[in-house]
Structures are given as C-alpha cells and as structure tokens.
Amino acid sequence: MKLQLKNISKVYENGFTAVKDFNLNVEDKEFIVFVGPSGCGKTTTLRMIAGLEEISSGELKIDGEIMNNVLSKNRDVAMVFQNYALYPHMSVYDNIAFGMKIRKLPKAEIDCKVKEVANILNIYDLLDRKPKTLSGGQRQRVAMGRAIVREPKVFLMDEPLSNLDAKLRIQMRTEIAKIYHRLQATIVYVTHDQTEAMTLGTRIVVMKEGVIQQVDTPQRLYHHPKNMFVAGFIDTQINFIDTVVKRINDKIYFHFNGIDIISPESIENVMENYVDKTVVVGLHPEAILICQNGTEFAKVDVVEHLGPEDNLYLNLSGTSIRAKVSSELNIKVGENVRFSIDTKQMHVFDKITEQAIY
Ligand code: ATP
C-alpha cells in the first residue's frame, strides 16, 4: 500500500483555505501522525483521504491510482472516529459484524473474523454486551475492531483517544502501539497531543495553519527541528533565549545576560553572517547541565517535583530558564546552583524568519 498526497489543498465554500499545498508520501506499514494545534487542518486532510471531504486541488493516490473522485466506500480505507460511532441498539458482536453482513459474507466467515479480532483486542468477553454498558476504553476497542475486520489498505484515526481520561488514554496508547505491530497495517492518525504523536508515530507531520512545517521521525523532530514552531510544539519545555552573536578573539559566542555561550565549531562560519545581530538559541531543559564545576551561576526560583526528576526554573538576571535534574540532588527554592550549557544539544534560529540555522 502506498498513499500519495500531491499539492493537496482545501478551500471551504466560505473561501477559507484550511489545507495548503500538502505533499506527503506514505509508505506501506507506516504509522503516520498528523499533529498540530487546533484548527491547523489535520482533520480536514484526513477527511480528504477518507473521501468525506472534496479535494479542492491536488492529487490523492492510493497504490498509484488517483482517488480524487472515487467514492469513500470504494477507497478501501477504514476510519475510526473520535466518538466511535457505534450502533447503540446492537451488541458488540453485531457492531463488529455489521459491515460484513451488509456485504453478505458467509455467516461462518463472519463469525470467525469477529472472534479473531475480539481476541486481538481483548474484548471476547464483551461480545454480547451493548455499547452503553461498556467503558470508554472498551468502546474504543470495539470501534477499532469494526475497522480491523474490514482489512482496509489504510486505517484513518481521528483523535481516537480524546474522549478518554488521562490514565485510560495512556493505556489505550500502548494498546494501539501493540495492535499496530500485530496488524502490520498502514495507519494515518490525527492528534493535537505531542506525546501521543511522539510515542506512536514512525513519522510525524507537524502542521500549522494548513501548512506542513516538517515531516520527520520523532527523534529528528526533537533533535533537528526546522523552525521554532516545530521545536516548541514537540518540546513544550524548550527554552528560547534571545542572544547577540559576538566575535571575541576569533571565536563566536552567543551573548545574553552576562553569559557567553561558545558556538559549536561546525556553525562558526554560518554565524559570521550574524555577528552583532540577535538570534534565538533553543535549549531543551536537559541541555542545561547542573553540576558542581559548572561555569555559570543562577538562583532557583521554582522546583516542580515529577518523581524521579525535578523541573527547575532558574533565574538568570530576570530571564527564566527551565532545567531538568534528578530529584536525588534535592535542590531547593532559593538555592544558587552552578550549571553549564551542553552546546551539542543547542539549536539556533533566525530571529526574523524563525527558521533553524543550526
Ligand atoms: P482540531 O484539532 O480542533 O480538530 P484540526 O487541525 O483537525 O483541528 P480542522 O478540523 O481540519 O482542524 O479545521 C481546519 C480549519 O478549517 C479550521 O480553522 C476550521 O474552522 C475550518 N473549517 C473546518 N470545516 C469547515 C467548513 N465546513 N467550512 C469552513 N471552514 C471550516
């Protein structure tokens, strides 16, 4: 299975462009996640793939065949919605069997498939129950079961976990990861939750205002974000610091609040063009290394306990910086700590374009 979206755009009837020039090739057995803030066009894109929304321009292909004008039911895709859309008057068994009954498959075959899927999803004991007697997580599994028995070329999932409480969400997230490995299917999954995206996706499409910002693996998005939006969306704790680029004795430094961060050698040449200009340095909290022989000082303003780790908010002459440390260090509010900056983990962005320089 290969899914290709080429220059896809969506302009709604009121003239609003919800998706702009979307390009993506999904390979067989990929778990692709669309992520981005509310209203960035994730659901619209998914619905265009499903055939539930007309494509304004561009080309959608499944296995090389143009799908733009193919009816939803003939596209060989199965969609799992936010609200599960189960039939309330039917048992779990009949909900899962429904599509196959419509297609008039032999009873024995239907029975075999329903039970096989019920086993995979661990809902065998629920087959006689009605949806209203099930928990959110169980309903979610039934909805997945209904999609799985169709054996579609692609599974499309629109925020399937958004109606579950925090604990169940994490549990079902693991379930979905297991199901994915078991089915070896191609999945396109929509979420606005960056943790869900990072834990599930083999590749992630980060969107903003209808435009793709970056398509990459979770690791690459974290370590090589293309712009400040991606960096901040993928790591909500990242520190963005305005610094002035200085050349001192043939070395390049990033200067702010009395601190000089030495530039990694590999970008010295590029940074020459920015001398005396302001650039934004991006530092993940783990790039702030709290250690006794650290070269810088700061006062601890706030400590947040997360169990094995603490989040620290350091006050650097008025600039607040987030750092992460082992809770064993037992750092207290008001303490002065020493730290160094791990420049290998540093990002540098153009202040005006917000694009990554490094
Ligand atoms: P969420 O995470 O909130 O579900 P999303 O990223 O899935 O958001 P979409 O539902 O794709 O976003 O909507 C994208 C944009 O298109 C939004 O600004 C929305 O208001 C707009 N939109 C959606 N449907 C229509 C419509 N029928 N007519 C006009 N604008 C629409």
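FYI, it's all coordinate maths here, none of it is from the lab. Because the structure is a prediction, the values reported are computed rather than measured. All Cβ positions, glycine included, derive from the backbone under ideal geometry; neighbour counts span all protein chains shown.
Values computed for the structure shown
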quantity: Peptides 214-226, 29-41 ordered by average Cβ neighbours within 10 Å, highest first; calculated: 29-41, 214-226
quantity: Computed P(r) (all Cα pairs; the stretch 232-291; 5 Å bins; percent); calculated: 4, 18, 26, 22, 17, 11, 2, 0
quantity: Crossing angle, helix 92-102 versus the chain [Cα axis fit, 0-90 degrees, rounded to tens]; calculated: 70 degrees
quantity: Footprinting exposure proxy for 188, 275 (fewest neighbouring C-beta atoms within 10 Å first); calculated: 275, 188
quantity: Phi to ³J(HN,Hα) by Karplus 6.51 cos²θ - 1.76 cosθ + 1.60 over the stretch 225-230, Hz, x for Gly, Pro; calculated: x, 7, 8, 5, 4, 4
quantity: Neighbour-count ranking [beta-carbon atoms within 10 angstrom, fewest first] of 296, 196, 151; calculated: 151, 296, 196
quantity: Amide H within-cut-off set for residue 105, under 5 Å, with H built and near neighbours excluded; calculated: none
quantity: Size descriptor, Kirkwood hydrodynamic radius, that averages inverse alpha-carbon separations across the stretch 137-258, Å; calculated: 17.1 Å
quantity: Inter-label distance, nm, simple model (7 Å from Cα along the C-beta direction), residue 311/residue 13; calculated: 4.4 nm
quantity: Residue-by-residue Karplus 3J(HN,Hα) for the stretch 307-315, coefficients 6.51, -1.76, 1.60, Hz, glycine and proline x; calculated: x, x, 10, 10, 8, 10, 10, 9, 9
quantity: Burial order of peptide ranges 134-142, 153-161 (average beta-carbon count within 10 Å, highest first); calculated: 153-161, 134-142
quantity: Helical mean residue ellipticity (222 nm; -39500 (n - 2.57) per DSSP H run of 4+; nearest 500) of the chain; calculated: -7500 deg cm²/dmol
quantity: Simple Cβ-charge dipole of the chain, Lys/Arg +1 and Asp/Glu -1, about Cα centre, in debye nearest 20; calculated: 1480 debye
quantity: The stretch 237-350: Rg to Rh, with Rh as the Kirkwood radius over Cα pairs; calculated: 0.99
quantity: Pair residue 195, residue 236: separation of 7 Å Cα→Cβ label points (nm); calculated: 0.9 nm
quantity: Principal-axis tilt of helix 166-183 within the chain, Cα atoms, nearest 10 degrees; calculated: 70 degrees
quantity: Straight-distance crosslink candidates among lysines, where the alpha carbon sits under 29 Å from residue 6 and sequence neighbours closer than 8 are dropped; calculated: 20, 29, 42, 61, 73, 153, 208, 226
quantity: In order through the stretch 200-214: 3J(HN,Hα) via Karplus (6.51 cos²θ - 1.76 cosθ + 1.60), integer Hz, x for Gly, Pro; calculated: 9, x, 7, 9, 10, 9, 8, 10, 8, 6, x, 10, 5, 9, 6
quantity: Gyration tensor (alpha-carbon) shape descriptor, the stretch 3-233, a/c threshold 1.5; calculated: prolate
